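Notes follow once the structure below has been shown.
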């Protein structure tokens with residue numbers, strides 16, 4: 001599984017007719033939350049790409065680069081989804097992350113991540129450690 005697979009899954013869930021649009025910034029936060037909760041629940045990363053502490057919150061640089069051409073515009077829904085990439089546990093996790101966090105705007109998600117220790121305690125432009133994410137997201141499992 002790659003960060004691109006996770007991103008495509010979230011984009012496929014988007015309901016454009018309902019006004020449910022995802023920008024690059026919002027996508028970054030959704031993929032970050034998926035990584036954090038996957039690590040906390042399954043004790044291993046969902047994907048291997050680094051997540052960095054940027055000004056507007058956690059960002060996966062390689063994913064950002066893929067979608068940067070859209071600037072802050074809504075990203076397109078993928079037309080080449082292969083759901084066989086996602087096992088049952090991953091699909092359930094991604095569906096739950098989207099149900100909980102997908103309702104928020106990119107700016108609301110950014111503000112939420114700014115309050116959380118993985119981003120807050122990481123020096124700017126540095127990689128957010130798996131340990132800090134695991135520690136933080138484990139605390140969120142009990143309160144959900």
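The values are calculated or read from the model by the stated rules, or taken from the named source; none is laboratory data. Just so it is clear, the structure is predicted and the values come from calculations on it, not from any experiment. Please note: Cβ atoms are built from the backbone with ideal geometry, for glycine as well, and neighbour counts cover all protein chains shown.
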| note | Scanning the stretch 81-90 for residues that are more than 20 Å from residue 20 (Cβ to Cβ) and free of Cβ contacts under 8 Å to residues at least 60 places away in the same chain gives 82, 84, 87, 88, 89
| task | Please work out if residue 71 is over 22 Å from residue 117 (Cβ atoms) and in contact with a helix residue (DSSP H, G or I) (Cβ under 8 Å, 6 or more places away or on another chain). | result | yes
| query | In the stretch 9-23, what count of residues is obtained for those that are without any contact (Cβ under 8 Å) to a residue 60 or more places away in the chain and assigned to a helix (DSSP H, G or I)? | reply | 2
| remark: Quick count over the stretch 59-80, residues being out of contact with any strand residue (DSSP E or B) (no Cβ under 6 Å at 6 or more places or on another chain), in contact (Cβ under 8 Å) with a residue 24 or more places away in the chain and either assigned to a helix (DSSP H, G or I) or surrounded by 14 or more Cβ atoms within 10 Å (Cβ to Cβ) (or both), is 12
| Taking helices (runs of 4 or more DSSP H) that do not extend beyond the stretch 101-144, which have at least 1 residues that are closer than 19 Å to residue 39 by Cα and in contact with a strand residue (DSSP E or B) (Cβ under 7 Å, 6 or more places away or on another chain)? | 106-114, 117-120
| What number of residues within the stretch 26-47 satisfy the criterion of being in a helix (DSSP H, G or I) and buried (at least 20 other Cβ atoms within 10 Å of the Cβ)? | 14
| request: Name the residue, out of 125, 129, 117, that is surrounded by fewer than 19 Cβ atoms within 10 Å (Cβ to Cβ), at positive phi and modelled with pLDDT of 95 or more. | output: 125
